[in-house]
Structures are given as structure tokens and as C-alpha cells.
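We did not get these values from a lab; they are worked out from the coordinates using the rules stated. If you're wondering where the values come from, they're calculated on a predicted model, not measured in any experiment. Every residue, glycine as well, gets a Cβ built from its backbone with ideal geometry; the counts of neighbours run over all protein chains shown.
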Amino acid sequence: MIDYEKIAAAGGIGKGTPLRTKIAQAKAVWQKIDARESRKVRTRSGGQCEVRVGNLRCVKQAWEVHHHMGGFGVRGRGESAKASNKSHCCITCHGLITSRRLEHIQGNHYRVRS
């Protein structure tokens, strides 16, 4: 006779974990890492916008974390999630960056796109 209680206790005899569940679990891990690294960025900035154009640093209060690396399936994962690949920006600078008026050079340094 088949003991279905033992089979259920051992994890069952189904097809395994559904792909949707695996993807959701992986996404939760990526989001946790990204959030932890974003906290490091906020601490590093001291609340001031980190954007530098030439020798000048923006003096406004930072509100948003900008990922230097982006794209479909890239932002917030792997290298993109690291604090070294993010800047804490004020709303104005973040808008200039995302509208491509400021171009990322290296670190927190940008230049005006011509």
C-alpha cells in the first residue's frame, strides 16, 4: 500500500518548484541586495547630491539613487546593484542624467552632453 503521508512529508512527487516561483525567489534576492547597496550609497553621500561636473559638486539634497548601468534585465542585478555603480542624486541632476543631458564618465563624474 502507498503511504501518501510519507510522500507528502518528503516533498511530494510533483514536477518540482514551478518556474514562476523560482523567478520570484531570485527576484526577491536581487531586490534585497539592491536595497542593501542603495543604503550604502545614501550613507556615503551624507544626504548631498554626489553628481560632479568638472570640479563642481552639486550642493542640493539627494533624494534618488541612480544606477550607472541599466537596461532590460540589468538594473539592480550583479554589477549594477553594487554601491560603486550608483550615485545618490538630487531630483534635478537625476532628471538631467535620465534625459541624457549629463553623460556619465566615471564614478560620480559627469559631463554635459553636447
Of every Cα-Cα pair in the chain, the percent that sits beyond 17 Å: 63
Kirkwood Rh in Å, taken over the range 1-66 so that all alpha-carbon pairs contribute: 16.3
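With Cβ to Cβ distances under 11 Å as the rule, what net charge do the other residues near residue 102 carry (K, R +1; D, E -1)?
Here the count lands on +4.
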Close Lys-Lys pairs in the chain, where close means Cα under 30 Å and separation is 8 or more or interchain: 20
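Which of the peptides 58-64, 16-22 is most tightly packed, and how do the rest follow, judged by the mean count of other Cβ atoms within 10 Å per residue?
58-64, 16-22
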Helical contribution to [θ] at 222 nm, DSSP H n ≥ 4, -39,500 (n - 2.57), averaged over the chain, rounded to 500: -11500 deg cm²/dmol
